[in-house]
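Below is one structure, written out as structure tokens, with a few remarks after it.
The values are calculated or read from the model by the stated rules, or taken from the named source; none is laboratory data. All figures in this text were calculated on a predicted structure; none of them were measured in a lab. Note that we place each Cβ from the backbone using ideal geometry, even for glycine, and neighbour counts take in every protein chain shown.
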Amino acid sequence: MKSFPTPQDTTLGVIQPDSVSVAEHGEAFDFNHLLEHLYDSRTIEYPGGHWDIPPFPPVEVGGLTVDLSVTKHVFFLLVAAFLLTVTAVYASRKIRKNPVPSGFANVIEVFVVFIRDEIVLTTMGPAGLRYIPFILTTFLYILIMNLLGLVPFGASATGNISVTAGLALVAFIMIQVAAIRAQGFSHYLAHFTGGVAWWLWPIMIPIEILGIFTKAFALCMRLFANMSGGHIVILALLGFIFLAQSILFAPIPVAFVLAINLLELLVAFIQAYVFAMLTALFMGLGIPQGHGEHSH
Amino acid sequence: MESIAYAYLAAGFGAGLVILGAGYGIGKLASAAMEASGRQPEGAGAIRTSMIIAAALIEGATFFALAICILLALK
């Protein structure tokens with residue numbers, strides 16, 4: 001991601017250095033130091049210090065030099081995957097042992113039943129039952145990644161557009177796979193003509209092809225913008241403290257930040273739900289629903 | 001320098017306009033959904049689901065516009 005222009009780069013920087021430099025400390029406050037928490041880095045912070053992840057040697061792929069080093073977001077991506085595996089395996093073992101779950105397994109079962117009844121069955125019908133594992137994994141994975149951003153010293157990997165682009169790419173592939181499986185390949189191709197007269201095809205086919213890509217692109221942008229937007233708001237509110245340079249002023253932004261944090265908790269769940277819901281909905285659009293109506 | 005100033009101005013105004021439109025749209029959507037589920041409480045679940053889908057689609061279009069504003073501000 002491109003970084004914000006520093007005040008030194010342009011006279012119209014995010015914050016003019018003069019307006020925040022304080023005589024007491026003698027050093028200017030740079031808003032970019034706060035914003036650095038948003039960006040990907042090679043440092044994992046923990047209470048009382050930080051750990052620099054050792055970079056991997058660059059890999060040559062067909063003449064291109066690719067840097068596959070683990071960064072902060074990749075680290076939390078892996079943490080989320082690990083947590084997801086552990087919780088899901090633990091819950092399913094427990095439920096297999098005792099079909100009436102209690103405690104933690106019960107919480108996971110609530111999510112599973114919710115995904116099945118409220119998301120998959122309402123959007124895809126009985127034909128969608130085979131896609132429950134995919135939708136469930138998508139939901140829980142995004143949820144855990146979102147929530148990791150709210151943990152102190154954590155980072156939300158979904159606040160990185162490459163991560164959401166990857167998730168959207170998987171969703172895009174699954175949407176096409178569901179449509180091809182349900183309709184057959186020739187029907188799937190015929191769908192691009194939209195059922196209009198042949199002389200309209202030059203207009204219709206590009207629009208339909210664009211349509212399948214915008215769905216995935218919107219999924220990608222929505223998750224990224226929601227997750228990083230909340231962080232930017234929190235950092236902007238905290239920035240007011242440094243602008244005012246007074247400890248007496250600090251409780252006001254902190255109260256606002258607390259409220260935004262609670263909102264973030266809500267957004268973490270809603271965005272995971274929306275991503276899973278829309279993926280299921282787009283997959284459902286490609287699956288004939290049986291009552292003769294071909295929905296678009 | 002002048003043109004950079006205009007770009008920042010445009011980004012700010014653009015973000016404001018985007019939020020006006022999106023807020024109005026989602027507000028109307030929510031009010032209609034509330035009325036509908038008040039009239040038919042048994043259908044509240046289905047209404048809420050379709051409300052969230054429509055809100056998410058409006059939001060998606062909003063983010064396209066906001067992405068343009070961010071590009072203006074960062075270029």
Item checked: Near pairs, Cβ below 8 angstrom, 6+ apart or cross-chain, from the range A:111-140 (within 14 Å of chain B (Cβ to nearest Cβ)) to any residue that is outside any helix (DSSP H, G or I) -> A:124/A:287
Next item on the list: Please verify whether the range A:36-58 includes one or more residues that are within 14 Å of chain B (Cβ to nearest Cβ), at pLDDT 60 or above and either more than 27 Å from the chain's Cα centre (by Cα) or within 24 Å of residue A:242 (Cα to Cα) (or both).
Entry: yes
Note to self: Suppose the filter is in contact with a helix residue (DSSP H, G or I) (Cβ under 7 Å, 6 or more places away or on another chain), among the aliphatic types (A, V, I, L, M), within 11 Å of chain A (Cβ to nearest Cβ) and under 29 Å from residue A:115 (Cβ atoms); does residue B:26 pass it?
What the structure shows: no
Checklist line | Members of the range B:23-44 that are without any contact (Cβ under 8 Å) to a residue 24 or more places away in the chain and surrounded by 11 or more Cβ atoms within 10 Å (Cβ to Cβ) | finding: B:23, B:24, B:28, B:32, B:33, B:34, B:35, B:36, B:37, B:40, B:43, B:44
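From the list A:99, A:58, A:47, which one is loosely packed, with under 11 Cβ neighbours inside 10 Å and without any contact (Cβ under 8 Å) to a residue 12 or more places away in the chain?
Details: A:58 fails: loosely packed, with under 11 Cβ neighbours inside 10 Å; A:47 fails: without any contact (Cβ under 8 Å) to a residue 12 or more places away in the chain.
Of the residues listed, the single one that is loosely packed, with under 11 Cβ neighbours inside 10 Å and without any contact (Cβ under 8 Å) to a residue 12 or more places away in the chain is A:99.
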Check: From B:71, B:20, B:57, which residue is within 14 Å of chain A (Cβ to nearest Cβ) and loosely packed, with under 14 Cβ neighbours inside 10 Å?
Finding: B:71
Check: Condition test on residue B:3, is it more than 11 Å from every other protein chain (Cβ to nearest Cβ) and among the polar types (S, T, N, Q)?
Finding: no
Margin query: Among (1) of a type in the set (A, V, I, L, M, F, W, C); (2) out of contact with any Cys (no Cβ under 8 Å at 6 or more places or on another chain); (3) surrounded by 15 or more Cβ atoms within 10 Å (Cβ to Cβ), there is one condition residue A:153 misses while meeting the rest; what is its number?
Written below: (3)
Notebook entry, point to check: Within the range A:64-78, can one find any residue that is within 14 Å of another protein chain (Cβ to nearest Cβ) and surrounded by 11 or more Cβ atoms within 10 Å (Cβ to Cβ)?
Noted result: no
Next item on the list: Please enumerate the residues belonging to the range B:29-54 that are away from chain A (no Cβ under 14 Å) and among the basic types (Lys, Arg).
Entry: B:39
